[in-house]
Amino acid sequence: MFSFVKNLFGKQQGDKALEDLKKEIQEESAIDIAELKDTEVEVENQPAASTSGKPDRVRTELSLHPMWEQELDAEKKYTLRFLQAELPEMARGLISVTGFSMIPQPNGMTVTMFFRNATDKPVRFKNIGLAIYLDDKPFARMRVDLSDMGAIPPHTSRPWEVLFPEESYLHDNFMFSRWKVVMKAGKRSHIWPSTLELDPEMERRMTQRQKDRLESLAYSLPPIPVNSVQITGFDIGKTKEGQLVAALLFRNGLSTDYRPDKLKITISDTDGDVVARGVVDASKIRVKPGNSRPWLIVFPPEFVKKPDANLRRWVLDVE
């Protein structure tokens, strides 16, 4: 608890030190509370003050959990109050999260952030999806039970620590110049199917190059619309026997398993010429909702129409 103390208070305090601390404040991730599910937040059922004639922007004040109120000394409370005062105004009706400390631990990464409430009622965060982004690329992602944080009063910001364990990491690249925390919650119109399904037989057939490209691809592709399936090619090659082998990533944004029967696949080169085309038996492909699954498609030599094609860049079309 209070891992951020090492980061924020391990130096001599003073006006210069406080100014330096402002640089710790990261970008804000905000969501309209009306978009959140009951499993994600709970709005306390009590009369709210009338908003008639009130400004659309809200300036928040610091709200400490009773445990933080008891454990932190006056100097640390002052510093948190100073940091909170530097946060921008919020649009009324939103909740948000803003990170201000990220410290590596032996078993993961501790991130301290302000959870902010610009509504006119107390809000309890429950089970929320959070992600760490390094230079605008996802680094770690998980759902967090925040029920212990308690109710956040209206128009306040509450600091809280969250440990992202190593199993939440999407890759091991720690090189970055900027970071931020993003709230992944609400009634989304898009899905990010980043959970990879990889059966042992498929893994044995893949080269290390294919595995590396797959890992990089799975966590760099943009989200897909809800109730859709997208298929992306991530590697291709030819065998000595003249076969063409294409590695595809199936991403399922449906609420049910994706189970195709047959797929008509066409691969073209940069000149627009058809390299291979055929109807593939896809009955063994099963992709769970919100998941991604790679699959290898093998075209026999007789289906390869342009054996000498340059495949440094290629186009995949699936029907």
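Here's the yes/no breakdown for (1) outside the structural domain of Glu28 (by TED's automatic domain parsing); (2) under 26 Å from Leu221 (Cα atoms); (3) out of contact with any Gly (no Cβ under 8 Å at 6 or more places or on another chain):
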position	(1), (2), (3)
Arg59	no, no, yes
Asn117	no, no, yes
Lys121	no, no, yes
Arg124	no, no, no
Pro138	no, yes, yes
Leu146	no, no, yes
Residues within region 255-273 that are surrounded by 15 or more Cβ atoms within 10 Å (Cβ to Cβ), in contact with a Lys or Arg (Cβ under 9 Å, 6 or more places away or on another chain) and without any contact (Cβ under 8 Å) to a residue 40 or more places away in the chain, tallied: 1
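With the structure loaded, tell me whether Ala276 is under 33 Å from the mean Cα position of the chain (by Cα), free of Cβ contacts under 8 Å to residues at least 60 places away in the same chain and within 26 Å of Arg209 (Cβ to Cβ) or whether it fails that test. So that I can check it myself, show each step before the final result.
Values: under 33 Å from the mean Cα position of the chain (by Cα): no; free of Cβ contacts under 8 Å to residues at least 60 places away in the same chain: yes; within 26 Å of Arg209 (Cβ to Cβ): yes.
It is false that Ala276 is under 33 Å from the mean Cα position of the chain (by Cα), free of Cβ contacts under 8 Å to residues at least 60 places away in the same chain and within 26 Å of Arg209 (Cβ to Cβ).
Being in a loop (DSSP other than H, G, I, E, B), modelled with pLDDT of 80 or more, surrounded by 12 or more Cβ atoms within 10 Å (Cβ to Cβ) and assigned by TED's automatic domain parsing to the domain that holds Ser157 is the requirement here; does Leu64 meet it? Show your work before the answer.
Details: in a loop (DSSP other than H, G, I, E, B): yes; modelled with pLDDT of 80 or more: yes; surrounded by 12 or more Cβ atoms within 10 Å (Cβ to Cβ): yes; assigned by TED's automatic domain parsing to the domain that holds Ser157: yes.
Considered against the rule, which asks whether it is in a loop (DSSP other than H, G, I, E, B), modelled with pLDDT of 80 or more, surrounded by 12 or more Cβ atoms within 10 Å (Cβ to Cβ) and assigned by TED's automatic domain parsing to the domain that holds Ser157, Leu64 comes out as yes.
Every residue in region 274-289 that is loosely packed, with under 15 Cβ neighbours inside 10 Å and more than 16 Å from Val245 (Cβ to Cβ), please. Talk me through it step by step, then tell me what you get.
To start, the set of residues in region 274-289 that are loosely packed, with under 15 Cβ neighbours inside 10 Å comprises 279, 281, 283-284, 289.
If the condition is that a residue be loosely packed, with under 15 Cβ neighbours inside 10 Å and more than 16 Å from Val245 (Cβ to Cβ), then Val279, Ser283, Lys284, Pro289 are the ones that fit.
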When Leu130 is evaluated against the numbered criteria (1) under 17 Å from Lys37 (Cα atoms); (2) more than 18 Å from the chain's Cα centre (by Cα), which criterion, by number, is the only one it fails? (2)
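Looking for whichever is of a type in the set (S, T, N, Q), buried (at least 17 other Cβ atoms within 10 Å of the Cβ), within 18 Å of Val287 (Cα to Cα) and modelled with pLDDT of 75 or more here; the options are Asn227, Asn252. Which one fits?
Details: Asn227 fails: buried (at least 17 other Cβ atoms within 10 Å of the Cβ).
It is Asn252.
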Among residues belonging to region 46-58 that are loosely packed, with under 13 Cβ neighbours inside 10 Å and under 31 Å from the mean Cα position of the chain (by Cα), point out the one that is modelled with the highest pLDDT. Arg57
Regarding region 118-131, can at least one residue be identified that is hydroxyl-bearing (Ser, Thr, Tyr), buried (at least 18 other Cβ atoms within 10 Å of the Cβ) and either touching a strand residue (DSSP E or B) at 6+ places or on another chain (Cβ under 9 Å) or more than 23 Å from Phe176 (Cβ to Cβ) (or both)? yes
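The values are calculated or read from the model by the stated rules, or taken from the named source; none is laboratory data. Because the structure is a prediction, the values reported are computed rather than measured. So basically every Cβ, Gly included, is an ideal-geometry build from the backbone, and we count neighbours across all protein chains shown.
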